[in-house]
1. Can you tell me which residue is farthest from ligand 2 (Cβ to nearest atom) among those in the range 53-68 that are touching a strand residue (DSSP E or B) at 6+ places or on another chain (Cβ under 7 Å) and hydrophobic (A, V, I, L, M, F, W, C)?
2. When you look at D34, is it exposed (fewer than 13 other Cβ atoms within 10 Å of the Cβ), within 30 Å of L106 (Cβ to Cβ), modelled with pLDDT of 95 or more and outside the structural domain of T149 (by TED's automatic domain parsing), yes or no?
3. Could you list, ordered by first residue, the pairs with Cβ atoms under 7 Å in which the first is in the range 51-80 and of a type in the set (A, V, I, L, M) and the second is in a helix (DSSP H, G or I) and within 6 Å of ligand 1 (Cβ to nearest atom), at least 6 apart or interchain?
4. Take the residues in the range 37-58 that are among the polar types (S, T, N, Q) and under 13 Å from V69 (Cβ atoms); name whichever of them is surrounded by the fewest Cβ atoms within 10 Å (Cβ to Cβ).
5. Select from the range 254-270 the residues that are in a loop (DSSP other than H, G, I, E, B) and not β-branched (V, I, T) and write down the one among them that is farthest from ligand 2 (Cβ to nearest atom).
6. With T141, T155, T171 as the choices, which residue is within 16 Å of ligand 1 (Cβ to nearest atom), among the β-branched types (V, I, T) and surrounded by 15 or more Cβ atoms within 10 Å (Cβ to Cβ)?
7. Considering each of G103, G95 in turn, give the residue that is among the small types (G, A, S), crowded, with 17+ Cβ neighbours inside 10 Å and within 16 Å of ligand 2 (Cβ to nearest atom).
Amino acid sequence: MPQLVNEKARIVSNEQVGPRLHVMVLESPQIARDIKPGQFVHMKVPGAESHVLRRPFSIYARDAAAGIVEILYQEVGSLTSFMPGIGEGFAELIGPVGNAWAGPALYAEGACSHALIVGGGVGAAPLFMLVEQLVSAGCATDVVLGAQTKDALVTCGRYEALLGREPIVATDDGTYGYAGFCTVPVAERLRDGSTADGAPYDYVAVCGPEPLMKIVAGQAAEAGVKCQVSMEKRMACGIGACLSCVVDTVSGKKRSCVDGPVFDASEVVW
Ligand SMILES: Cc1cc2nc3c(=O)[nH]c(=O)nc-3n(C[C@H](O)[C@H](O)[C@H](O)COP(=O)(O)OP(=O)(O)OC[C@H]3O[C@@H](n4cnc5c(N)ncnc54)[C@H](O)[C@@H]3O)c2cc1C
Ligand code: FES
């Protein structure tokens, strides 16, 4: 089990990629080497000393050989609105924090062969490395992406390159793909078992706004398919000490930072 490290990471670039969406590339060799899909980093950025608390971000992509990690972030509040103005400097990353998606291990055990991966908004980021691992292992993998509008589909091209075909896409305003929420194509696929070879799905992973995860969790339960979710609760310490990130589960309160962020959807009290 890799140790948590506190790595001083040089900011290589920090570019806007969509409406309120940015990608920050950082040199972080230990985290790039050790991080598993689903885990995250707790980050302090330069010039934001008034923000005492670190913020959690998933790793969108990594190049372990080059020692590089990428974070896809959305401007939602004080720190993430400050971040686009950061030029050169060093961020501090504590990581890898939390547990990982079970999909690759389930595939290796023969417990999963057809995966449906669902990313809503910036929730598509923590799923990319999962899809990379599933595809390279040989798991039949379909990806559904939802966004408010076409311009916000910033991960789509990278998923397309990885899958060799376009992901299934839905936009709330109908500017691309299905018009409406991505839960509609998810429901169709789970109901009709429309994988390439007609076999039913046996693993669903979803990340995005909580209402989306709740709906997909219900759809997967109805179809009898194992489903995992990534619970992105607000976090303070990020190391299991402050209980600011608790999730209600059928076996009591759990800390999203160290017991999660990935939970079995059937374990969560929605
Ligand atoms: C495990 C994990 C992984 C994450 N990965 C990413 C990622 O890859 N990309 C990304 O853009 N964001 C990610 N987030 C969310 C990110 O941490 C928050 O958006 C960020 O902390 C907000 O900081 P702020 O100072 O800008 O917002 P604040 O000023 O603190 O809050 C502004 C608004 O954002 C909401 N908010 C704050 N924290 C969260 C949160 N954790 N989840 C949902 N809403 C929140 C608040 O309720 C409030 O409405 C992740 C969160 C977790 C827990
Ligand atoms: S953030 Fe402190 S216990 Fe999870």
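1. As a first pass, look at the range 53-68 and keep what is touching a strand residue (DSSP E or B) at 6+ places or on another chain (Cβ under 7 Å): 54-62, 67-68.
Remaining after also requiring hydrophobic (A, V, I, L, M, F, W, C): 57, 59, 61, 68.
Working: F57: 14, I59: 18, A61: 25, I68: 26 Å.
My answer is I68.
2. Values: exposed (fewer than 13 other Cβ atoms within 10 Å of the Cβ): no; within 30 Å of L106 (Cβ to Cβ): yes; modelled with pLDDT of 95 or more: yes; outside the structural domain of T149 (by TED's automatic domain parsing): yes.
Criteria not met by D34.
3. L72/V122; L72/A125
4. Pass one, the range 37-58, residues among the polar types (S, T, N, Q): 39, 50, 58.
Going one step further and asking which of them are under 13 Å from V69 (Cβ atoms), we end up with 39, 58.
Numbers: Q39: 22, S58: 25.
The residue in question is Q39.
5. Filtering the range 254-270 down to residues in a loop (DSSP other than H, G, I, E, B) leaves 256-261, 269-270.
Cutting the leftovers down to not β-branched (V, I, T) gives us 256-257, 259-261, 270.
Numbers: S256: 6, C257: 3, D259: 9, G260: 9, P261: 10, W270: 20 Å.
If we take residues in the range 254-270 being in a loop (DSSP other than H, G, I, E, B) and not β-branched (V, I, T), then W270 is farthest from ligand 2 (Cβ to nearest atom).
6. Numbers: T141 fails: within 16 Å of ligand 1 (Cβ to nearest atom); T171 fails: within 16 Å of ligand 1 (Cβ to nearest atom).
Every option except T155 fails the conditions.
7. On the way: G103 fails: within 16 Å of ligand 2 (Cβ to nearest atom).
Unique residue meeting the criteria: G95.
Condition check ((1) aliphatic (A, V, I, L, M); (2) in contact with a strand residue (DSSP E or B) (Cβ under 9 Å, 6 or more places away or on another chain); (3) away from ligand 2 (no atom under 16 Å from the Cβ); (4) without any contact (Cβ under 8 Å) to a residue 60 or more places away in the chain) across all residues:
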position: D173; (1), (2), (3), (4): no, yes, yes, yes
position: V186; (1), (2), (3), (4): yes, yes, yes, no
position: A196; (1), (2), (3), (4): yes, yes, yes, yes
position: Y203; (1), (2), (3), (4): no, yes, yes, no
position: V206; (1), (2), (3), (4): yes, yes, yes, no
position: G224; (1), (2), (3), (4): no, no, yes, yes
position: L243; (1), (2), (3), (4): yes, yes, no, yes
position: D248; (1), (2), (3), (4): no, yes, no, yes
position: G252; (1), (2), (3), (4): no, no, no, yes
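The values are calculated or read from the model by the stated rules, or taken from the named source; none is laboratory data. Keep in mind that this is a model prediction, so the values were computed, not measured. Reconstructed Cβ throughout: ideal geometry from the backbone, glycine too, with neighbour counts over all protein chains shown.
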